[in-house]
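Read the structure below first, then the notes.
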Amino acid sequence: GAAFISLTTSMSAWLELALLRRAVRRSLGSVPHTGRSLAQLILAAIVAASLALFVKGVLTNTLGPTANSEFGAAFVAAPNLSPRVTGLVVLTVFGTTYMSLCGWFQIPLALGLWRRLGTLLKRAKSRM
């Protein structure tokens, strides 16, 4: 009973993982999964999240905390600012930091995205 449920759940999870990997490879191409590149991605995510959390804390200290309670408000209260503006600022800091670190670590997908962004900016600049 219980052993069979555990076994089938485990098998279906491995099948889902294999199908997701195949779908990602089709969409994005080869995705590195070496221990070193995974460690670099995790480090980039931790640094980016820390910096984004720091920026949220600076906004809260500068503008004061909001009266609304949100998840994690005891840790870092939301600034007295529109949630959309706060989200835009914090997520921009996170995304820029993460992509910059991934580019610095020479992660192939990040390098491709930076090249694509450069191409789009050159096109936009030439149209002006």
**Prompt:** On the given criteria, is L28 closer than 22 Å to F105 by Cα and open to solvent by 90 Å² or more (accessible area, probe 1.4 Å)?
**Reply:** yes
**Request:** For F75, indicate whether it is aromatic (F, W, Y) and either modelled with pLDDT under 90 or touching a Phe, Trp or Tyr at 6+ places or on another chain (Cβ under 8 Å) (or both).
**Result:** yes
**Request:** Answer yes or no: is there a residue in the range 83-93 that is surrounded by fewer than 12 Cβ atoms within 10 Å (Cβ to Cβ) and at pLDDT below 90.
**Result:** no
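The values are calculated or read from the model by the stated rules, or taken from the named source; none is laboratory data. All values derive from a computational prediction rather than experimental measurement. Every residue, glycine among them, receives a Cβ derived from its backbone with ideal geometry; neighbour counts consider all protein chains shown. Accessible surface is based on the protein model in full, side chains and every heavy atom, while ligands, DNA and RNA are left aside. Shrake-Rupley method; radii C 1.70, N 1.55, O 1.52, S 1.80 Å.
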